[in-house]
1. In whole Hz and in residue order, list the ³J(HN,Hα) couplings for the range 2-14 that follow from phi through the Karplus curve 6.51 cos²θ - 1.76 cosθ + 1.60, θ = phi - 60°; x for Gly and Pro.
2. What number do you get for the chain when its Cα radius of gyration is normalised by 2.2 N^0.38 Å, N = residues?
3. To the nearest 0.05, what FRET efficiency results for Asn66 and Glu305 with a Förster distance of 25 Å applied to their C-beta separation?
4. Kirkwood Rh, the range 15-131, all Cα pairs: how many Å?
5. Can you give the net charge of the other residues whose Cβ lies under 11 Å from the Cβ of Phe329, counting K and R as +1 and D and E as -1?
6. Just need the relative contact order of the chain here, percent rounded to a whole number, with Cα pairs under 8 Å and 6+ apart.
7. How big is the Cα convex hull of the range 80-129 in projection, averaged over all directions, in nm²?
8. Quote the FRET efficiency, to the nearest 0.05, computed for Ile89 versus Ala137 with a Förster distance R0 of 41 Å and r equal to the Cβ-Cβ distance.
Amino acid sequence: MIDRLDQMFVLLLHWILGYLPGGWQAPVGVILSVVCIVCLYPALFALAVLMERKGLGRMQNRYGPNRVGPFGILQPVADGIKSLTKEDIVPLNADAVVHFLAPVVLVVAVFMMFAVMPMGRNMVLVNLDASLLFFFAMGATTELSVFMAGWSSRNKYSLLGAMRAVAQMISYEVPLLLSGVVIVMMTGSLSLVQMVEVQNHFTGIFPHWFVFTPWGLAGFLIFAIASTAETNRSPFDLPEGESELVAGYFTEYSGFKFALFFLGEYVEMFAVAGLGTTLFLGGWSAPFSFLAWVPSWIWFFGKVEIWICVFIWLRGTLPRLRQDQLMNFAWKFVLPMCLLNLFVAALWRFMGEGWLRWVVCSALLVLAYVVMGNAEMRKKHFGPRTYRYAD
């Protein structure tokens, strides 16, 4: 019974396909899986937006949405209807074709990431041997869509916002990629399914998640920072800086096109949260051996939801960085720590079992963190802000 509950979606798909001729089963199976993904994540997007607005409201001592439906739970429906019916305005001098394609490319690329994401045991659309590379390739496509939006709008604010976004996304994509390389080194595979299987073991009641190792914890923190910047979330939301750039690269977007950008940003949050869960937090595996009876897909989406809550918490807590602080942090601190973590992972692999490698690897990472952090703070690259007021 427990196994049937864990595999309920897989069994349901096989039951539906059983009524079809053999030649139709594979393509129809793919279509049904794609439809499920395309319907599921926009629904989660609506819930996440409501949760974020409610959560930020409580953090800022206000109510948040509370008018549409009981306790405001129908606010996402109202927002969706408004976006669909709002007038679509395209600047006269804009490149209309590129202006239209930019949000479409963003949404398509983001949804393609989920094709290789193991969302539960045997719940992956395409099990590629190089699924990690495929994920990062699709993620890199979002930079193209952002630049298309800024350039095609023929607006200085949009172009500046797009250039900021591309510089930021490229800068933090390097540590994002390198933080995943340590997992490849340890598993010897680029398959996300294989990475979850390696972590799905227990010593006593405790799991073998990579985050519970020195190099895994460092890689996890680097991945979390880089993914926050990659999705333009606070405190790295400079491309949308309202006080400087009106709304950044989508200043000239309205109606359904703006809604697509909004959808793409949140669905990308789910994608990077799912990747971080897969790489460092055991994917769909249980946190304790005695909880392995809980369906695997519940663990996966539960971990992703916790990650989204952390994104919301950071947005309500931290102020926006300056552009120079953002770039200095990426190239002078995060990237060197990431390269050191590669060396530490190799050292961990070849030192063999025992407590000595725990001491050596942990000491290297802590020492580097303290030395580089103090050095950059003295240079005032990451120091506290200084506010100046007119007399």
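1. 5, 5, 5, 5, 5, 9, 4, 6, 5, 5, 5, 5, 5
2. Cα-based Rg divided by the globular estimate yields 1.05.
3. Working: r = 22 Å, r/R0 = 0.89.
Computed FRET efficiency for Asn66 and Glu305 comes out at 0.65.
4. Numbers: mean 1/r = 0.0553 Å⁻¹.
Final number for the Kirkwood radius of the range 15-131 is 18.1 Å.
5. Working: positive: Arg322, Lys332; negative: Asp324, Glu376.
Once all neighbours under 11 Å are counted, the net charge is 0.
6. Working: 525 pairs, mean separation 79.5, N = 391.
Relative contact order of the chain: 20 percent.
7. On the way: hull surface 22.9 nm².
Seen from a random direction, the Cα hull of the range 80-129 projects 5.7 nm² on average.
8. On the way: r = 33 Å, r/R0 = 0.81.
Working from the Cβ atoms, E equals 0.80.
The values are calculated or read from the model by the stated rules, or taken from the named source; none is laboratory data. A quick note: this is a predicted structure, and the numbers were derived from the prediction, not measured. Please note: Cβ atoms are built from the backbone with ideal geometry, for glycine as well, and neighbour counts cover all protein chains shown. Just the protein is used for accessible areas: all its heavy atoms, side chains included, with ligands, DNA and RNA removed. Shrake-Rupley method; radii C 1.70, N 1.55, O 1.52, S 1.80 Å.
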